[in-house]
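Working notes, structure below.
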Amino acid sequence: MAEFLRDEIPPGTLHLLILKILARGPNHGYGIAQFVESSSRDVLRVEEGSLYPALQRMLLKGWVRAEWRDTENKRRARFYSLTALGRKQLELEISRYRRVSQAIVRVIEASS
Amino acid sequence: MFQFVPEIARRLRYLFARKRLEAELREEMETHLTMLAEDNDPAHGRQRLGNVTRWSEISRSVWGWNWLESVIGDVQYGLRLLAKSPGFTIAACLSLALGLGATIGIFSLMNALLFKPLPVLHPEQLWGLAHGDPQQEEDNFSYPMFSELQRFNNTGVPFFAVGGDYVQVDYGDGSIRNTPTMLVSGSAFQILDVKAYAGRMLGPDDDIRGIPHGANCIVSYRLWQSQFRGDASAIGGHITIGQQRFTIVGIAPPEFFGVYVGAYSDLILPITAYAATNPAQPLLDAPKWTWLVLTTRIPAGMTAQNVAAGLNTTYAALRRESKFADSGPARADPLYLKPLAQGVSAIRNRFAKPLYVLLTMTGLILLIACANIANLLLARSVVRYREVAVRLSLGAERGRVFRQLLTESTLVALLGAIASVPVYLACTKGLLAFLQSGADSDIFLNTAPDWRLIAAGVGIVCCTVLLFGFAPALRVSRCDLNMALSENSQRLAAKTSFGKFVVGAQIGFSLVLLLGAALLSRSLYDLRTFDPGFRRDHLLIADVDTTQSIHKNADVVRFFDNLLERVRSLPGVRSAAASKVVPLGGRTWQNDYELDQDRDQSANKIHSYLNWVTPEYFQTLGTPLVLGRDFSAQDSASSPRVAIVNETFVKRYLGTANPIARRFFEITKGKRDPIQIIGIVRDARYRSLTDEIPPTVYRPIEQLPTAFDFLLELSLEVWTRAPARDLAGPIRSIPKQLDAQVSTEIRTFDSLIDSNLLYQRMLTALSIAFGAVGLVLSAIGVFGLSAYAVGRRTPELGIRMALGSTPGEILRLVLSEHLRLLGLGLAAGLGLSVVLTRFLRAWLFGVSATDPILFGAAILILSAIALGAALVPARRAARLNPVAALRHE
């Protein structure tokens, strides 16, 4: 039951994570999920039920675009990549995240 | 900024490529799972396998089109259900179509008559000058008043005068036609801001006394098309009116029908040029002839009060100089302004009221129809209780179920609305034709749909959905799961209070309609049978117009003497006479007289209606002479002045003493002329069948003052042995034999009475039709409720019968429920009737708006029909076989 110990991604940061991962290069949904898990050393986990709606939302917003391509294993998959708008959004989300998390840290330290 | 624009575009693309994109999503999910399975152990992948559908559904919901899909689903489902019960669908749609079509049709006429603004720029800035009674028509200024007010107007806001008339126009191609004409002062089109379709509109230069720039005129677009076939060379062409030739200088724009709502002004003339068509008439100098509407445009930033105050200063100053001394007593009132955005209308006051009554009636029909549909839906919804309960227990949201049920009602309403379009068009056309048939001039109403009509239509349709769809949908979606899913299907339908309420309301509305029909029918019957003071049939009226031929009064007198002589000698003619005014013709001649010198000023002055008649007039019309003698050949222009008065005149002004040989006085040019009373006649109606009988003076036609050419147009009354119509041909030919230039119009007195009663007839016919429709719909409603109630109580009734109840007791049991309902409905209907029938008063004659006998009769009829409708299912219940009834469950 190891999975149960994994944490869900904090609300509001999923877009940030996806954008950041796509900034490294185009990737498909499974790849994004895997990368979140591996790079967070298995602490974070992305639910498919949140990942794909999030991707659809970002497609609508025009932050990412999608195209069907073959993976290294010669499997057809939908690859997402960042648009210029997406890049701008990433910067925005990162700075917002920093602001919020610093503030949270301050609150925690002040009260301890 | 505007980042949402590409987003909306993308969303729309998702809507239209939905199927393909959904497939892509699914494929993406499958790939995801496959990759997951490859990387991990197969069990891990399988564990999540079932979620593909759910993931893609959640992802899809991001596109934001789920609501649309569910609406489409609801619509498809609703259509399937409606198709499954075609009887219900057709009945519901047809009754809705009739109710909606009639209501919207009537509204479209009201819209054209009351609400649509004039087809000019910023019509809301237009105001009409008025003084005196606000209920009065706007045309109460004379030309001298207009020109004086205009000359001394210092408000900075210009105004113009406009009048309307029918004018005999010679179009130069052999056709002389009576043409509806608008007469305007020079600045009219500058103020109205109307530009010509071709050529130019009239300007100040065209309207100068003596018309130094010639007589110019404008034709309407409609006339240009019909008379000049749209030929551009019409501009510069000529027409002739009376003694004046006019040059056509322009064509009015197509949408501009004038400022008279209800008429289409085909010709527009400057007032001064119009005056030149008949120099004998002192049109521009007669202060008593108040025929003009004064109109102004108040620009933004100025208020009507300020302008009116400014004008009043001028007006008061002019009055002090007694410029308007001859303009009658009411002219001492201050001026005020009233909005003229909707134009001037002579027919507005006359038609608005019947239209409101009709709108109320159709509204009630629509309500009754809605009630029926609501009841049908309710009955169906009970059948669907279990279906809904199952869906709810499987997790459907209540709101979702409610929406689905409401969709169904909306579909019914929409189908009804579509079917109502031809009804609406036919209704508008039929009503226009009806209004036209009672009018003496062409009626033009622009009934083309505008936003007001569309908004009203959509509003009414939405209301109907709310009325008949909301309650059943709400009730079903609130259903109690435990009850619905339990086997006892009787209990779940126990609550029929809403159904009862609906049927009760139906009965109430029907009572109102029925009462309206009863009151109007009764009063029409009275109008057709009461004694108006003269005979109703075997009378022929011939309007003889000699204006085109004879110009000397002596000649005219001789002409009419000859004419009467010839008519009297016709076989089949009992007697014949001539008069200036035809009774019930809608026209009046009124005059002021003085009684005696020794009375004080106020009581001395009397006001009376007047008619100029020949000998034999009373005998011909059948008005009995009560006292004294009829006029004879001795009462000529040179003999002493004499008069015959009616009983009301005697009662009101002369008291009880014998009035024969009494004298009263006419003031002409400061001189008191004595008039001697030689006879008294029975009271007779004057202006119309329904107007009160006024004090009336009859005087010999030969003593008519000759100042104006009043004798040139007279009417002949002929009392015939055979039906009046049979003599129309011979009588029509006689004036022509005497003088080829004379024109004659023949009417029977019956037709005159009929046109007098046009609105009563129209309202009565429609109210009877509406009353019948309401009755039938209500009977259906009662029958439905009763049948439903009996069906529902079958097992209970079976038990009662098994326990020894007689059929009579069962019948009473079932009916008692309906009796209560009927009682409540009637009580509510009575209350509503007392309020609503008051508005019928204007058309009621000889019957009170709360006539107890008619109320009783209407209640009886309605009760009988409602009970009859309830009785059919109740009797079935009484004849139940208890064994079969108990097995029913």
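The values are calculated or read from the model by the stated rules, or taken from the named source; none is laboratory data. From a predicted model like this one, the values you see are computed outputs, not experimental measurements. Glycine also receives a Cβ, built like all others from the backbone with ideal geometry; neighbour counts cover every protein chain displayed.
The criterion of being aliphatic (A, V, I, L, M), buried (at least 16 other Cβ atoms within 10 Å of the Cβ) and facing chain B (nearest Cβ under 8 Å) does not hold for A:Ala66. Reported count of residues in the stretch B:50-69, each being away from chain A (no Cβ under 11 Å) and polar (S, T, N, Q), is 2.
Considered as a group, the residues in the stretch A:81-112 that are in contact (Cβ under 8 Å) with a residue 60 or more places away in the chain and in contact with a strand residue (DSSP E or B) (Cβ under 8 Å, 6 or more places away or on another chain) include one that is nearest to B:Thr31 (Cα to Cα), and that residue is A:Leu82. When B:Gly729 is tested against (1) among the small types (Gly, Ala, Ser); (2) more than 30 Å from B:Ala286 (Cα to Cα); (3) not in a helix (DSSP H, G or I), exactly one condition is not met: (3). Taking the residues in the stretch A:1-56 that are part of a loop (DSSP other than H, G, I, E, B) and aliphatic (A, V, I, L, M) as candidates, determine which candidate is modelled with the lowest pLDDT. Within the stretch A:1-56, the match that is modelled with the lowest pLDDT is A:Met1. Taken as a whole, the structure places A:Lys74 among residues that are in a loop (DSSP other than H, G, I, E, B), more than 10 Å from chain B (Cβ to nearest Cβ) and not aromatic (Phe, Trp, Tyr).
Taking the criterion of being more than 14 Å from chain B (Cβ to nearest Cβ), surrounded by fewer than 22 Cβ atoms within 10 Å (Cβ to Cβ) and in contact (Cβ under 8 Å) with a residue 24 or more places away in the chain, the residues of the stretch A:20-34 that qualify are A:Lys20, A:Ala23, A:Gly25, A:Pro26.
Of all the numbered requirements in (1) more than 14 Å from chain B (Cβ to nearest Cβ); (2) surrounded by fewer than 19 Cβ atoms within 10 Å (Cβ to Cβ), A:Leu90 misses one, and that requirement is (2). Assessment of the stretch B:272-283 against the conditions (of a type outside the set (Phe, Trp, Tyr) and touching a Pro at 6+ places or on another chain (Cβ under 9 Å)) yields at least one matching residue. Hey, does the stretch A:45-57 have a residue that's within 14 Å of chain B (Cβ to nearest Cβ) and among the acidic types (Asp, Glu)? Checked the stretch A:45-57: at least one residue is within 14 Å of chain B (Cβ to nearest Cβ) and among the acidic types (Asp, Glu).
Scanning the stretch B:642-696 for residues that are closer than 23 Å to B:Thr620 by Cβ, of a type in the set (D, E, K, R) and in contact (Cβ under 8 Å) with a residue 60 or more places away in the chain yields B:Arg682, B:Asp683, B:Arg685, B:Arg687. One residue alone among B:Ala858, B:Ala828, B:Ala866 is more than 28 Å from the chain's Cα centre (by Cα) and of a type in the set (Gly, Ala, Ser), and that residue is B:Ala866.
Confirm whether B:Thr295 is surrounded by 18 or more Cβ atoms within 10 Å (Cβ to Cβ) and part of a helix (DSSP H, G or I).
No; evaluated as a whole, the condition is false for this residue.
Criterion applied to B:Gly230, B:Gly214 was being farther than 13 Å from B:Ile251 by Cα, touching a Phe, Trp or Tyr at 6+ places or on another chain (Cβ under 9 Å) and free of Cβ contacts under 8 Å to residues at least 40 places away in the same chain, and the one residue passing it is B:Gly214. Before we move on, is A:Ala110 surrounded by 13 or more Cβ atoms within 10 Å (Cβ to Cβ) and hydrophobic (A, V, I, L, M, F, W, C)? No; evaluated as a whole, the condition is false for this residue.
Taking the stretch B:419-465 as the range and being within 19 Å of B:Leu114 (Cβ to Cβ) and not in a helix (DSSP H, G or I) as the test, the residues that pass are B:Gly438, B:Ala439, B:Ile443, B:Phe444, B:Leu445, B:Asn446, B:Thr447, B:Ala448, B:Pro449, B:Asp450.
Per-residue answers, yes or no, for (1) assigned to a loop (DSSP other than H, G, I, E, B); (2) within 30 Å of B:Trp843 (Cβ to Cβ):
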{"site": "B:Ser608", "(1), (2)": "no, yes"}
{"site": "B:Ser632", "(1), (2)": "yes, no"}
{"site": "B:Ser639", "(1), (2)": "yes, no"}
{"site": "B:Ile644", "(1), (2)": "no, no"}
{"site": "B:Thr656", "(1), (2)": "yes, no"}
{"site": "B:Phe664", "(1), (2)": "no, no"}
{"site": "B:Pro674", "(1), (2)": "no, no"}
{"site": "B:Ile678", "(1), (2)": "no, no"}
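Filtered by the rule that a residue be farther than 23 Å from B:Ile271 by Cβ, of a type in the set (Ser, Thr, Tyr) and either under 39 Å from the mean Cα position of the chain (by Cα) or assigned to a strand (DSSP E or B) (or both), the stretch B:209-240 gives a lone residue, B:Ser226.
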